[in-house]
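Visitor: Let me give you the structure first, and then I'll get to my questions.
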Amino acid sequence: MSEGIDKQILDSYLTALFDTDKAGALRIVQEALDGGLTPEQVVFEVIIPGMERMIGGMISDNLVTLSQHFLASQIAEEVTDRLIPLFATVPEVRGHVVIGTSHGDFHGLGKKIVIGCLKARMFQVTDLGINVAPEKFVEQALAVGAEVIAISSMMVHTATGERGPKRVRQMLREQGLEDRLRIIVGGAPYRFHENLYIEVGADAWGDTAAQAPEIVTRLVREVRP
Amino acid sequence: MMTGMERFGALMGGRTPDRVPIVCNLLDQGARELGLSIREYYARGEHVAEGQLRMREKYGYDTLAGMFYSALEAEVLGCRNIIYADDGPPNVGHLVINGPRDIKSLHVPDELNEHPRFRELTSCIGILKKEAQGRFPVLGVVTASFSLPAMLMGVGPWMELFINGDSALRDSLLETCSLFCSRQIAALREAGADLIVYVDPLASATFIQLRKFRELALPWIIRDLEAHGPAGVIFFNGGGRINPILADIREHVGIGAYYLNPYDDITEARTLLGPHSLIAGTINDIRLLDWSPDEIEHEVEKIMLAGKRAGGFIFGTLLMPCGIPEENIRALVAAAIRHGNHAEAEAYR
């Protein structure tokens, strides 16, 4: 398939994402597959660039809304999950992340968007859900062999509280796990206070979901032997 | 010196008050004031009223918040589990809507005061109204029909429904939520609320594009306020940016006061709204957790400068986190009083 046609597919896909037209976006993906693009091409040349241009590329202009983020990430996750088993070779997993919202926090939207971004970038993600106890973050990270614990908080008290990321940090320290596991945080409070992540004991934070794959890649490198 | 009510009255009448009115949204902090847990505090309307009265007296701002926590609206509509924290607002722990059947069976009580939690809320407003003796406006707070479903079914599922879901089901849910919204406004007004803060985060430019706002959210803002009318209503951002939607709301709904997000530009808001609407400019109150008094002073001065240039200005906070030290709240209000007063701000400089 020629580059021109690929660009046309990507442009149509982006238009559907901007219009939050899920059915339209999925139809374009299917037509691309029917037209001869391989699953790898669809994921790496349509889905991922679409998601990254959508979520990352225009954020500085404040033109992209949460509903568009949500949709782009949701489609990326759905399509990637469906197409990876059809790849000619098994893709290399770039790292394993356990993710959840902090204890007492029932807001799962941000986490959902981040999961889509990470999965599309070939990270393995274990979703622990909402209102996750700090003990569970650590136990599950060890159980699945994750390198990164991702904690989402929508409220200040769940970001800074004693049962949030601070406690996870304390547990890693007490159990001698700090050289094996990294903590990344995200959510509204961190966007209003750029140094809050340090205060809660995290190694990094992501302003947008689109930044997550790059930051997590760095964190994984730091702990992988 | 004017009272808070006189300051708001002057602004709404197109006159300049002695200083910029200050809205300081301290909610859960009232529990600490009374030495109660947050659960104990919100159990009784009289506790909340006492907490609000004490905090207003202590810090000296201009309004009284007749509000408990947002999740109370979900309780009235059937939420069976509210999660209480030690240091933050109570949260929805049970989603009322888990499928289309729940939307169809969602019921708005004819008489909201029959619900014990709502009765505590209106009793709180009644006490505030009585104790205020006309000196400070009592604020009643309602969630817009377009945002309420996020509390009933979760933000993600609600987004899926309104973006790409069954439009008949979506409209059915919005009709129920709109009925609830307008009944709440009537009940809060009747209880004594002087102003209604109308909260619509999902309609903000942070959540949806302008085109979607016009298509999906704006008609429901019109509908929510149809019975009550826009008088005495303040459109509150709820944490999202609202400058891009201001002109539409002004034109189609006629609301006269807009409570901006800290990231909305005050000067731009004035241009978009024209000369007559009131604008509340907000400080990024999460930074009050660790800003020094000097940093607070500087930030307040900046906001006041832009606000006074814009005119028709109110100074406000979002929902102030519990962890903000008392000295920072005092520094905030003191700076707002100083820089909100034209003559004294000049003298201070």
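Visitor: Answer yes or no as to whether B:G229 is under 20 Å from B:V23 (Cα atoms), modelled with pLDDT of 95 or more and not charged (D, E, K, R).
Guide: In short, no.
Visitor: Report the residue count in segment B:217-263 for those that are assigned to a loop (DSSP other than H, G, I, E, B) and of a type in the set (S, T, Y).
Guide: Going through segment B:217-263 one residue at a time, the tally reaches 1.
Visitor: Condition first: buried (at least 22 other Cβ atoms within 10 Å of the Cβ), assigned to a helix (DSSP H, G or I) and either modelled with pLDDT under 95 or more than 13 Å from chain A (Cβ to nearest Cβ) (or both). Now tell me which residues in segment B:276-325 satisfy that.
Guide: Hits for segment B:276-325 are B:D285, B:I286, B:I296, B:V300, B:I303, B:M304, B:G307.
Visitor: Taking interchain pairs and intrachain pairs at least six residues apart, which have beta carbon atoms under 7 angstrom, with the first residue in segment B:113-136 and under 14 Å from B:H47 (Cβ atoms) and the second of a type in the set (V, I, T)?
Guide: B:R117/B:V76; B:C124/B:V48; B:I125/B:V138; B:L128/B:V138
Visitor: Still on this structure, please answer the following. Filter segment B:186-240 for residues that are facing chain A (nearest Cβ under 10 Å) and among the aromatic types (F, W, Y); which is surrounded by the fewest Cβ atoms within 10 Å (Cβ to Cβ)?
Guide: Out of the qualifying residues, it is B:F213.
Visitor: Mind listing just one residue for me: the one in segment A:168-202 that is more than 11 Å from chain B (Cβ to nearest Cβ) and in contact with a Leu (Cβ under 7 Å, 6 or more places away or on another chain) and, of those, farthest from A:V216 (Cα to Cα)?
Guide: A:L172
Visitor: May I pose another question? What number of residues within segment B:197-216 are within 18 Å of the chain's Cα centre (by Cα) and in a loop (DSSP other than H, G, I, E, B)?
Guide: 5
Visitor: Could you list, in sequence order, all residues of segment B:31-84 that are surrounded by fewer than 17 Cβ atoms within 10 Å (Cβ to Cβ) and within 25 Å of B:T3 (Cβ to Cβ)?
Guide: B:L34, B:E46, B:R54, B:E57, B:K58, B:G60, listed by residue number.
Results for (1) under 12 Å from B:G281 (Cα atoms); (2) of a type in the set (K, R); (3) touching a His at 6+ places or on another chain (Cβ under 9 Å), shown as yes or no for each residue.
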position	(1), (2), (3)
B:I234	no, no, no
B:N237	yes, no, no
B:I245	no, no, no
B:D248	no, no, no
B:G256	no, no, yes
B:I266	yes, no, no
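Visitor: What are the pairs with Cβ atoms under 7 angstrom where one residue, in segment B:2-30, is within 30 Å of B:G88 (Cβ to Cβ) and the other, located anywhere, is among the acidic types (D, E)? Sequence gap at least six, or different chains.
Guide: Pairs that qualify, where the first residue is within 30 Å of B:G88 (Cβ to Cβ) and the partner is among the acidic types (D, E), are B:G4/B:D62; B:P21/B:D62; B:I22/B:D62; B:V23/B:D62.
Visitor: Identify, please: which residue in segment A:4-24 is part of a helix (DSSP H, G or I), facing another protein chain (nearest Cβ under 10 Å) and modelled with pLDDT of 90 or more and is, among those, surrounded by the most Cβ atoms within 10 Å (Cβ to Cβ)?
Guide: The residue in question is A:K22.
The values are calculated or read from the model by the stated rules, or taken from the named source; none is laboratory data. Every value quoted in this text rests on a predicted model; they were computed, and no experiment measured them. Glycine gets a Cβ as well: all are built from the backbone with ideal geometry, and neighbour counts include every protein chain shown.
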